[in-house]
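As structure tokens, the structure follows; a few thoughts come after it.
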Amino acid sequence: MQATIAQLRRLVLGRQGLASKKLFGTGLTGTRNAIEHLGYVQIDTLAVVARAHHHVLWNRVPGYETAHLNALTRKRQIFEYWFHAASYLPMRDYRFALPRMNAIRRGEHRYLADTDTRLMDEIMARVRAEGPLRIRDIETGTKSQNGSWWNWGPGRRALDKLFMQGDLMISERNGMEKVYDLAERCLPEGVDLSEPTLNEYAQFLFDTTRRAHGVFTLKQLLHLKTGKPIREAMRQIVDAHVAAGVIEPLDCLDGVTAYVDVEALESVSRVPRRAQILSPFDNAVIHRDRLSALFDFEYRLECYVPAPKRVFGYFCLPILYGGDFVGRADCKAHRAEGRFEVLSLHFEAGVKDIEKFLPALRDELQSFAAFNGCERLDLSRIAEQP
């Protein structure tokens, strides 16, 4: 298909809600709309800066507040489960979590296959009788009215399995502390509990990716999904949509087979030149191969890299400016001090409109600092950079 790289970049950023603050709306409603459109928002345990699930939504929803996720969970409009990682998911998509849940229930997951069923029964009985349960209630090692409790390791595995097979759900989070309750008390009335067929599940993955990205690869469609049956089902869906003219293969990404949503490409809009600091787990950057092919941006999160081998820093955040990824910022929020420290900045070659970009970046860093609960933006390390 004849499309320029610039058009494809604008399409991807527009579909991701990064080209306009108006795509999803504001506040609580905007947060729900964003999660439903994106398909998932990954949950992050790292707290160097605002955790990914908050950072991703802050970038897309004016008036976003961290309390919105608990509020939507209580309203039974979103739930926590597994996408390619632990995520917030739209409640409307609950049935597409059932294949994993049922496979775990059948003992097909090695990590959770050998779990103490007595402890699982005891957890279920306690939650049913006493209400929601926190992990700290397991860690105490105390006794409940219903019988002896257990040590942390086996109890945690039992709790994990009950969650992963769908008997328990997370009813709220306090920071990263999860509160579990019976699924029957967390699910809305009328939710579809029919397990999708393989073809329905593959179609769901295709629809979600097409809607949220506009440009995608087969590898992205099947991210961390293994097995010949799902690959064959997805290939049939892709071929059918190509034949129908809904998507078309691209010939402008060297060495990468990608597809574009034809209708979406026809309505692509301009991306304003504003600086945005993204999470390493942002939906727009999580597929690193596609990020490299489409934006010519090689990105790697270095917190998992030994310190002597790091190039850009422990928690370097991608910087987006207009339709280009232009650099990385290694940041750390010192919340107790109210200080947001920028440890280093690294820019790609040839950043456009540098005289406008630098003030825009400083404004974005100041806004991000405030979102992190920090009044002061500390750029002293930057002044020392060569």
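So which lysines can LYS228 reach, going by Cα to Cα under 20 Å and dropping same-chain residues fewer than 8 places off?
LYS219
Relative contact order for the chain using alpha-carbon pairs under 8 Å, separation at least 6, rounded to a whole percent? Intermediate results must be reported in sequence, preceding the final value.
Values: 622 pairs, mean separation 66.3, N = 386.
The value is 17 percent.
How much of the DSSP bridge set in the chain is antiparallel, in percent, rounded to the nearest 5?
Numbers: 39 of 42 bridges.
Looking only at bridges with both residues in the chain, the antiparallel portion is about 95 percent.
Among [x] 126; [y] 165; [z] 137, which one is volume of the Cα convex hull per residue in Å³ computed from these coordinates?
[y]
Taking the chain as a Gaussian network, where each spring joins two C-alpha atoms under 10 Å apart, which residue of LEU38, LEU222, LEU13 fluctuates the most?
Among LEU38, LEU222, LEU13, the largest mean-square fluctuation in the Gaussian network model of the chain belongs to LEU222.
Pairs LYS22/LYS225; LYS309/LYS356; LYS21/LYS352; LYS161/LYS225; LYS22/LYS75: which are spaced more than 25 Å apart, C-alpha to C-alpha?
Pairs exceeding the cut-off: LYS22/LYS225; LYS309/LYS356.
Provide the net charge surrounding GLY27, with neighbours chosen by a C-beta distance below 14 Å and charges set as Lys +1, Arg +1, Asp -1, Glu -1. Walk me through the intermediate numbers first.
Numbers: positive: LYS21, LYS22, ARG32, ARG60, LYS75; negative: GLU65.
With Lys, Arg at +1 and Asp, Glu at -1, the neighbours total +4.
Rank GLU172, GLU108 by accessible area, highest first, at a 1.4 Å probe radius? Before the final figure, lay out each step's value.
Working: GLU172 60, GLU108 115 Å².
From most exposed to least exposed: GLU108, GLU172.
Across the chain, where is the longest run that never hits trypsin sites (Lys or Arg not before Pro) in a DSSP loop with at most 12 other C-beta atoms within 10 Å? Intermediate results must be reported in sequence, preceding the final value.
Details: sites that count: LYS22, LYS75, ARG106, LYS143, ARG270, LYS352.
The segment 144-269 is the longest one with no such site.
Report the charge-dipole magnitude of the chain in Debye, nearest 20, computed about the Cα centre from +1 at each Lys and Arg Cβ and -1 at each Asp and Glu Cβ.
Numbers: 53 positive and 49 negative charges, 81 e Å.
For this selection, approximately 380 debye.
Using the heavy atoms of the protein chains alone and a 1.4 angstrom probe, what is the accessible area of the chain per residue in square angstrom?
Dividing the accessible area of the chain by its residue count gives 46 Å².
Any chance you could run the full-extension gain for ASP254 through THR45? It's 0.36 nm times the residue separation minus the Cα-Cα distance, nm to one decimal. Provide the component values of the computation, followed by the final result.
Numbers: separation 209, 0.36 × 209 = 75.24 nm, distance 3.56 nm.
Using 0.36 nm per residue and subtracting the Cα-Cα distance, I get 71.7 nm.
Return the carbon/sulfur percentage of the accessible area of the chain, one whole number, probe 1.4 Å, all protein chains in place. Write down the numbers at each step before the final one.
On the way: 8810 of 17860 Å².
Answer for the chain: carbon and sulfur cover 49 percent of the accessible area.
The values are calculated or read from the model by the stated rules, or taken from the named source; none is laboratory data. All figures in this text were calculated on a predicted structure; none of them were measured in a lab. Ideal geometry is used to build each Cβ from the backbone, glycine not excepted, and the neighbour counts take in all protein chains shown. Each accessible area value is taken on the protein alone, full model and side chains, heavy atoms only, with ligands, DNA and RNA left out. Shrake-Rupley method; radii C 1.70, N 1.55, O 1.52, S 1.80 Å.
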